[in-house]
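The values are calculated or read from the model by the stated rules, or taken from the named source; none is laboratory data. These numbers come from a predicted model, not from an experiment. So basically every Cβ, Gly included, is an ideal-geometry build from the backbone, and we count neighbours across all protein chains shown. What goes into the accessible areas is simple: the full protein's heavy atoms, side chains included, and nothing from ligands, DNA or RNA. Shrake-Rupley method; radii C 1.70, N 1.55, O 1.52, S 1.80 Å.
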Amino acid sequence: MTARAFILSAAGLGALAIAGCAVTPPDEDPVQIKLKDLDTRLARIERVVANQSLLDLSNQVEALRSDVRAMHNDVDVSNHSLETARKQQHDLYADLDQRVKNVEARGGAGVGGAAAAGAQPTTDGTDKASYQAAFDLLKDSQYDRAIAAFQSFLTAYPNSQFADNAQYWLGEAYYVNKSYPESLAAFQRVVDNFPGSRKLPDALLKIGYCDYELKQFPAARDTLSQVTAKYPDSPAGRLAQQRLDKMAAEKH
């Protein structure tokens, strides 16, 4: 083969090779097609996973909301039950105390007046009957007569089972008449002479009230704070806290 023939032959082979490469475009390369397919499938899977994650998250949020609604409902029911119990307890405690407040709001004193202070109730001679007669005068708003009757009872029956109650209601009768020094002394005797009385929390509360009315604010604050500390869940404890809040608002 001549040199010229060899060169022509080589050129021909090169042209065929180039033509062969041009037959399969890059876009139709099986490898590229496979990669694009995998990319598409991966994107689809990612969308599904993302949507499922959002769905799961949404379900969790809704479940939490449901739990919160249930908790709010439980709290509302508990608050209602607690408020009902408190109201019942307070109503039992405040029967006579409300009478006292009503009289104070009218600015009136005992109906019997000072002229009737020496009048004594008729009794059958027993401590129970004497105490009940004095208490009936108090309920009837005859405060001056009630004061005299309770004083007579305590003189006649100092060791009676009703003595602590009589001493307490004596203080209440003085309090309604706005005789605050005498009321304070009467309530203090409950604390000093009857430390085991069920009237002790109420007596301490009224000592704080008397100190407040006498403008002895540090003493009032100390006594009322004792009531809230010792009897926090009692009607006396709640009333003491209300008065402390009032004093704070008044900057006393």
Seminar exercise, completed: Expressed as a percent, the accessible surface of segment 126-252 that is carbon or sulfur, using a 1.4 Å probe and the full set of protein chains, is 49 percent
Exercise. In segment 199-232, what trypsin sites (Lys or Arg not before Pro) fall in a loop by DSSP, with at most 10 other Cβ atoms inside 10 Å?
Worked result: Lys215
Seminar exercise, completed: Expected vector for segment 153-165, Karplus 3J(HN,Hα) from phi with 6.51, -1.76, 1.60 and θ = phi - 60°, integer Hz, x for Gly and Pro, equals 4, 5, 6, 7, 10, x, 9, 5, 5, 9, 5, 5, 5
Exercise. What does the accessible area per residue of segment 159-222 come to in Å², with a 1.4 Å probe and no ligands, DNA or RNA counted?
Worked result: 41 Å²
Exercise. If Lys and Arg each add +1 and Asp and Glu each add -1, what is the summed charge of the other residues whose beta carbon sits under 12 Å from the beta carbon of Leu214?
Worked result: -1
For this session: Using the structure shown, select from Lys178/Lys251; Lys215/Lys246; Lys199/Lys251; Lys178/Lys215; Lys128/Lys199 the pairs with a Cα to Cα distance greater than 20 angstrom.
Result: Lys178/Lys251; Lys199/Lys251
For this session: Pop out the ³J(HN,Hα) list for segment 175-192 in order, Karplus 6.51 cos²θ - 1.76 cosθ + 1.60 with θ = phi - 60°, rounded to Hz; leave Gly and Pro as x.
Result: 5, 5, 6, 6, 8, 5, x, 5, 5, 4, 5, 5, 5, 5, 5, 4, 5, 6
